[in-house]
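Structure first, commentary second.
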Amino acid sequence: MADPILKVEGLIKHFGGVYAVDNVDFEILPGEIHAVIGPNGAGKTTFVAQISGLLAPDAGRIVFDGHDVTALSAPQRSQLGLARSFQITSIFRNFTAIENVALSIQAHAGHSFRFWRPAMSDPELIGPARKLLDEIGLGARADILASNLAHGEQRQLEIAMALATGPKLLLLDEPTAGMGPEDSERIRVFLAGLKGTYSMLLIEHDMDTVFALADRITVLVYGKAIATGTPGEIRGNDAVRAAYLGEDEAVGA
Amino acid sequence: MTRLKLAVIIVAFVALALVPPVAHLIDEPYYLSLFARIMVFAIAAVSLDLILGYGGMISFGHAAYLGTGAYAVAVFSFYGIDNGWLQLPMAIIASALVALVIGAICLRTSGIYFIMITLAFTQMLYFLGISLEVYGGDDGMDANRSEFVSWFDLTEDINLYYLILAFLILSVYIGYRLINSRFGMVIRGSKSNDLRMQAIGFPTFRYKLMGFVIAGAMCGVAGFLLANLTEFLTPEYMHWFRSGEIMIMTLMGGMGTLFGPMFGAAAFILLEEWIPELLELIHQGWGEHWWVAFGPVLVILVLFAKRGLWGLIPDRSRNDG
């Protein structure tokens, strides 16, 4: 079996007496989509924040692509190929769509102590940014201010910014958050198209999306990983059903 | 940038270039020093806008670099060294170093803490200046004008005036290149969403610090020019009140517009000159309370020109604010 692209061992994060992430072991194989589900407050976002480097764990080890990244900063992890999207849309609202993507590309095109030539007419940045926007279907909206894009488009842009960093692993924190059924479906199809090309950690509330995309699912409840398995195994797992899915949804999904 | 805005800038620079002959013609040399002072503070306000308007760094201590640049002139002058080719680089290097130290510490904080700690550092420098008895303490001391041997003679007011104008144009041009460069995109992105910048791979601290140092060095040049203009040095150049004035100029002109702060500096200094005179005309002795009248002017500006004077110019493009 191939070495995992991401390996998390004994990860712990507590805020006072509350254990948001409690001794979690976790791994993602190359090309795999590994979903993390769990009720609100289960520690999913805290989990992603630690993997992406925005939050320091209290204990545990994170190995990404053969590097121990536990002590590395978020930018350093990004440079190694770890990209993320945020649950609450996090874009540069006063930049255009293409500037948002171009900035992501710039972050991975050497240092930015370049003080003289205009950045946003640089074909090295704008060329690939336009190509990426075309690919994800936002090409026609490239020159619109990000704050003026529709919510669904902003969510797409968010993922485009992650893709523009040339990642080996995508951490997607609820990519369909706040979306209507149509937009959700669009993202689902889009992510399905990325499957196999990118390894993904998918945090998602929407069970349709999870069961449609995930190769494996880990269930997080009160910071503990109570089960890991294929979608079929998770559906059939009694503990999961009791803790989280609820009878109806488990059968219906 | 719209054509209208470009036209406003060109007209402004042409007008500034015409001040000396006009002042000479109407025999009012006072205007020469008035507009020279406006331009010196325009450089300071533009430099502050680079970090405040574009980088989101609310530095309440920008006068520190003004003072450092001025000290570079006066202290050399004190020891009999009037060579401008030495003083000017020293003003730039010294203010850059001061900005490096202050920035390296302050940029680890944000929000209100950043404002207060930049203020505190500048006040420390102010009191340091006061305690340096050898350089006149709080009385300050005279300074000779810098000598640029066989280049131009700064003892001629008109030469100094055009040197200041040249530095203003240079500052604005450098600022324009900076904010549109890759470096500029990083500090603007970091103002917009620092967390996101880090997540896409930018170690933002070092870029913000570099921006802080560049702005400090640019303001140091303003200090160099100020000391030449006044032929005097006082720790007052570093007083927090001065920092506040530079910030008000930037806000009045339009934060994050680069060109606006020039007009903010002009508006501020002209109002500062004229309001007391007006009040004096109305009633003798009112002039010294000019802040009472100036306050409401600021309030009106804040209420009706949220994007500063520069924002009053009609604009359909968005990038230049």
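The values are calculated or read from the model by the stated rules, or taken from the named source; none is laboratory data. In this text the structure is predicted, and so the values were computed from the model without any measurement. A quick note on method: Cβ atoms are made from the backbone with ideal geometry, for glycine too, and the neighbour counts reach across all protein chains shown.
Looking at region B:241-273 only, could you name the residues that are closer than 22 Å to B:K5 by Cα and of a type in the set (S, T, N, Q)?
Of everything in region B:241-273, those that are closer than 22 Å to B:K5 by Cα and of a type in the set (S, T, N, Q) turn out to be B:T250, B:T257.
Of the residues A:I28, A:I62, A:I91, A:I37, only one is β-branched (V, I, T) and facing another protein chain (nearest Cβ under 9 Å); which?
A:I91
Among the helices (runs of 4 or more DSSP H) confined wholly to region B:188-297, which include 1 or more residues that are surrounded by fewer than 17 Cβ atoms within 10 Å (Cβ to Cβ), more than 14 Å from chain A (Cβ to nearest Cβ) and out of contact with any strand residue (DSSP E or B) (no Cβ under 8 Å at 6 or more places or on another chain)?
B:240-253, B:260-282
Just need a number here: residues in region B:164-185 that are more than 8 Å from chain A (Cβ to nearest Cβ) and crowded, with 22+ Cβ neighbours inside 10 Å.
5
For the list (1) closer than 30 Å to A:N94 by Cβ; (2) of a type outside the set (A, V, I, L, M); (3) in a helix (DSSP H, G or I); (4) modelled with pLDDT under 95, I need the number of the one condition that B:D138 fails.
(1)
Listed residues A:G110, A:G193; which is within 11 Å of chain B (Cβ to nearest Cβ) and more than 13 Å from the chain's Cα centre (by Cα)? Can you show your working first?
Details: A:G193 fails: within 11 Å of chain B (Cβ to nearest Cβ).
Being within 11 Å of chain B (Cβ to nearest Cβ) and more than 13 Å from the chain's Cα centre (by Cα) holds for just one of A:G110, A:G193, which is A:G110.
What are the pairs, 6+ residues apart or on separate chains, where a residue within region B:229-243 that is within 10 Å of B:G67 (Cα to Cα) has its Cβ under 6 Å from a residue that is among the small types (G, A, S) and not in a helix (DSSP H, G or I)?
Once the first residue is within 10 Å of B:G67 (Cα to Cα) and sits in region B:229-243, its partners that are among the small types (G, A, S) and not in a helix (DSSP H, G or I) give B:L233/B:G140; B:L233/B:A143; B:T234/B:G140.
In this structure, does A:S147 turn out to be crowded, with 22+ Cβ neighbours inside 10 Å and either part of a helix (DSSP H, G or I) or within 9 Å of chain B (Cβ to nearest Cβ) (or both)?
Numbers: crowded, with 22+ Cβ neighbours inside 10 Å: no; either part of a helix (DSSP H, G or I) or within 9 Å of chain B (Cβ to nearest Cβ) (or both): yes.
So A:S147 does not fit the description; no.
Looking at A:L172, A:L138, A:L132, A:L163, which one is away from every other protein chain (no Cβ under 14 Å) and buried (at least 19 other Cβ atoms within 10 Å of the Cβ)?
On the way: A:L172 fails: away from every other protein chain (no Cβ under 14 Å); A:L132 fails: away from every other protein chain (no Cβ under 14 Å); A:L163 fails: away from every other protein chain (no Cβ under 14 Å).
A:L138 is the lone residue from the list that is away from every other protein chain (no Cβ under 14 Å) and buried (at least 19 other Cβ atoms within 10 Å of the Cβ).
Could you tell me whether A:I234 is touching a helix residue (DSSP H, G or I) at 6+ places or on another chain (Cβ under 6 Å) and outside any helix (DSSP H, G or I)? First the steps, then the outcome.
On the way: touching a helix residue (DSSP H, G or I) at 6+ places or on another chain (Cβ under 6 Å): yes; outside any helix (DSSP H, G or I): no.
Answer is no for this residue.
Is it the case that some residue within region B:81-89 is outside any loop (DSSP other than H, G, I, E, B) and free of Cβ contacts under 8 Å to residues at least 40 places away in the same chain?
yes
Determine, yes or no, whether A:I37 is over 20 Å from the mean Cα position of the chain (by Cα), β-branched (V, I, T) and surrounded by 23 or more Cβ atoms within 10 Å (Cβ to Cβ).
no
Please state which of the following conditions A:S90 fails to meet, knowing it meets all the rest: (1) within 17 Å of A:K168 (Cα to Cα); (2) in contact (Cβ under 8 Å) with a residue 24 or more places away in the chain.
Going through the list (1) within 17 Å of A:K168 (Cα to Cα); (2) in contact (Cβ under 8 Å) with a residue 24 or more places away in the chain, A:S90 breaks only (1).
I need the full set of residues from region B:1-56 which are exposed (fewer than 13 other Cβ atoms within 10 Å of the Cβ) and in contact (Cβ under 8 Å) with a residue 24 or more places away in the chain, in order please.
Matches in region B:1-56: B:L4 only.
Tell me, which helices (runs of 4 or more DSSP H) wholly within region A:35-140 include 1 or more residues that are under 30 Å from A:G229 (Cα atoms) and of a type in the set (G, A, S)?
Numbers: elements: A:44-52, A:74-80, A:97-107, A:123-136.
Ranges flagged: A:44-52, A:74-80.
Within region B:277-290, identify whether any single residue is of a type outside the set (A, V, I, L, M, F, W, C) and under 28 Å from B:I313 (Cα atoms), and answer yes or no.
No, there is no match, as no residue in region B:277-290 is of a type outside the set (A, V, I, L, M, F, W, C) and under 28 Å from B:I313 (Cα atoms).
Can you tell me which condition A:S78 does not meet? The list is (1) in contact with a helix residue (DSSP H, G or I) (Cβ under 8 Å, 6 or more places away or on another chain); (2) small (G, A, S); (3) more than 7 Å from every other protein chain (Cβ to nearest Cβ), and all the others hold.
(3)
Based on what the data block shows, is B:I117 touching a strand residue (DSSP E or B) at 6+ places or on another chain (Cβ under 8 Å) and either within 14 Å of another protein chain (Cβ to nearest Cβ) or buried (at least 18 other Cβ atoms within 10 Å of the Cβ) (or both)?
no
Only residues that are surrounded by fewer than 17 Cβ atoms within 10 Å (Cβ to Cβ) and in contact (Cβ under 8 Å) with a residue 60 or more places away in the chain: list them for region A:51-79, please.
Scanning region A:51-79 gives a single hit, A:G66.
Against the definition (within 23 Å of B:Y173 (Cβ to Cβ), within 14 Å of the chain's Cα centre (by Cα), of a type in the set (F, W, Y) and modelled with pLDDT of 90 or more), how does B:F268 come out, yes or no? Talk me through it step by step, then tell me what you get.
Working: within 23 Å of B:Y173 (Cβ to Cβ): yes; within 14 Å of the chain's Cα centre (by Cα): yes; of a type in the set (F, W, Y): yes; modelled with pLDDT of 90 or more: yes.
Yes.
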